[in-house]
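The next block holds one structure in the form of structure tokens; read it before the comments.
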Amino acid sequence: MEPGAEDAPSARRPTLASSWEATCGALARSLHVARDDLGARDSDPEEPLAPPAPGQDLVILKRSLSSQDGNPCFLDLRCDPNGGEEIVSVGVLSSARNMEVYLGEEYCGTSRGKNVCDVLDNSEHEKIILYKKYLKLESSTHTCKIKGQG
């Protein structure tokens, strides 16, 4: 993981780290945690994956200059095993069309993205298509790795 790409650990809050460098925005603030309450069966699990509000800062992850070999971007999501919280599903809003989720080194599943909006990258003035992806895990876990593709 890139130095500075990991969130500062805090009590009872999952952490998120990236294999690529966060060149714009704060990775820690991009993490949205939702409870999986038994009474919330009618809620839409993809609701937090709404397009960004106009003027909202985006997190931009870029491959480090020292790593030009085409390594894909991985996000590492972790919960404190003693904190009583677990990951039951993963949702990502990003420019990657698809995502693969791994539990340890074991492949868990792929989610195909749905085009939700276009945004303008203020640093390079490019139009970026954002896709939302969602995957419910077969079993809960304290850690997973998310690989963005395409």
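The values are calculated or read from the model by the stated rules, or taken from the named source; none is laboratory data. Keep in mind that this is a model prediction, so the values were computed, not measured. Ligands, DNA and RNA are stripped out before the accessible areas are found, and what is left, the full protein with its side chains, is counted by its heavy atoms. Shrake-Rupley method; radii C 1.70, N 1.55, O 1.52, S 1.80 Å.
Only protein heavy atoms count here; under a 1.4 Å probe, LYS145 has an accessible surface of about 60 Å². Considering only alpha-carbon pairs that sit under 8 angstrom and 6 or more positions apart, the relative contact order computed for the range 108-150 is 35 percent.
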